[in-house]
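Following: one structure in structure tokens, then a few remarks.
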Amino acid sequence: MPHLTAFAAARRTAGGEQLGFGVPGYAHPLLAPAEWAELVRPGTPLHWAVLNIADGPGSRPDPHCLEAAGRLRNARERALHGCSPDDAVRASGGRLLGHLDLARGERPFEELIADARSFIDWYRISGFYLARCPTERAGLPAVRRLTGTLHALLAESDSADDGGRLVLGHGTHPYPGYAEAADQLVTFQGPWTDYRWSQVAEWTADYPPERFAHFVHGVPRTHLEEAMRIARWQGAGTIFFTDRTDRTDRTDRTDRTDRTDRTDLDERSGQSDPFAALPRYWDEIVSRIGPGISE
């Protein structure tokens with residue numbers, strides 16, 4: 001299989017590293033209360049979750065998003081500074097990231113910074129997810145300028161410990177120089193049919209797994225173990241796998257958990273984003289990864 005060809009990557013991700021979740025963006029808390037509640041469930045190995053109100057922070061603070069952000073922030077405080085730091089089953093320590101859409105480099109710098117300030121002021125986020133980030137070498141200087149400014153804004157805030165976290169949402173392997181512009185890169189985002197035959201870029205072997213994330217939709221329950229093995233082999237430390245697809249899924253109603261006897265999120269909201277709702281096998285994948293805490 002092609003994903004087994006990069007020996008350098010295999011050597012550094014033999015399976016001992018702790019995988020964790022990165023959530024690209026659940027639906028609004030009113031539409032997805034169970035999804036947001038799962039982020040603070042004790043033992044959930046959450047690295048980060050993205051808050052996206054309207055392709056950004058919206059025009060004013062949203063009370064429901066303020067509440068969800070506060071819960072996640074409080075869970076992180078408990079996880080990092082709780083009374084029982086060695087307890088394996090504790091609240092998630094994940095960060096909340098604000099969603100900034102770079103539109104492949106087309107959005108003005110000043111507009112992005114204004115959105116970033118709103119996220120920090122309103123929701124006290126501790127990092128940013130830069131969606132639709134450019135991948136070519138020509139776009140790198142502008143991204144470096146942006147990430148440098150974002151790091152400075154986060155350093156000035158009282159909500160971002162350790163300087164905050166910046167994640168570049170490329171969705172594919174970018175020009176290698178982007179690895180020095182942020183804390184983590186999303187180097188795969190797409191369907192399982194592509195992921196199971198994907199190959200890792202050789203330059204990624206120079207970096208540890210916590211520098212890369214993979215988001216895969218349409219992963220069948222029966223292929224979860226294989227998907228996790230590919231992620232480890234390719235050197236990704238953060239994942240989000242779901243059985244949902246990029247079209248509104250109204251077909252398979254037999255594979256259910258106690259959480260999905262409610263009307264599905266996609267039916268209630270018309271939601272077709274596969275990453276906006278919990279996978280139907282959420283409890284299983286959480287148990288496979290095991291309890292953890294954000295790095």
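Consider Val216 carefully, then state whether it is crowded, with 23+ Cβ neighbours inside 10 Å, touching a residue at least 40 places away in the same chain (Cβ under 8 Å) and hydrophobic (A, V, I, L, M, F, W, C). When the stated conditions are applied, Val216 does not pass them. Selection of the stretch 49-70 for residues being under 16 Å from the mean Cα position of the chain (by Cα) and acidic (Asp, Glu) yields only Asp55.
Would you check which residues across the stretch 31-60 are among the aromatic types (Phe, Trp, Tyr) and touching a helix residue (DSSP H, G or I) at 6+ places or on another chain (Cβ under 7 Å) and list them? Passing the criteria: only Trp36.
Flag: Gly82 does not match the condition of being touching a His at 6+ places or on another chain (Cβ under 7 Å) and at pLDDT below 95. For the stretch 199-213, the tally of residues that are under 22 Å from Tyr129 (Cβ atoms) and surrounded by fewer than 20 Cβ atoms within 10 Å (Cβ to Cβ) stands at 5. Listed by first and then second residue, the pairs with beta-carbon distance under 7 Å, at least 6 apart or on different chains, first residue in the stretch 262-291 and modelled with pLDDT under 50, second open to solvent by 50 Å² or more (accessible area, probe 1.4 Å) and charged (D, E, K, R), are Glu267/Arg250. Within the stretch 129-166, the only residue that satisfies the criterion of being small (Gly, Ala, Ser), within 21 Å of the chain's Cα centre (by Cα) and closer than 17 Å to Ala103 by Cβ is Ala131. Between Arg95, Arg196, the distinction of being touching a Lys or Arg at 6+ places or on another chain (Cβ under 6 Å), in contact (Cβ under 8 Å) with a residue 60 or more places away in the chain and buried (at least 16 other Cβ atoms within 10 Å of the Cβ) belongs to Arg95 only.
Within the stretch 200-224, the residues that satisfy the criterion of being farther than 17 Å from Pro45 by Cα and of a type in the set (Asp, Glu) are Glu202, Asp206. When Ala54, Ala37, Ala32 are checked against the criterion of being crowded, with 20+ Cβ neighbours inside 10 Å and of a type outside the set (Val, Ile, Thr), a single residue qualifies: Ala32.
The values are calculated or read from the model by the stated rules, or taken from the named source; none is laboratory data. Every value quoted in this text rests on a predicted model; they were computed, and no experiment measured them. We place every Cβ from the backbone using ideal geometry, glycine too, and count neighbours over all the protein chains shown. To get the accessible areas, we keep the full protein, side chains included, count just its heavy atoms, and leave off ligands, DNA and RNA. Shrake-Rupley method; radii C 1.70, N 1.55, O 1.52, S 1.80 Å.
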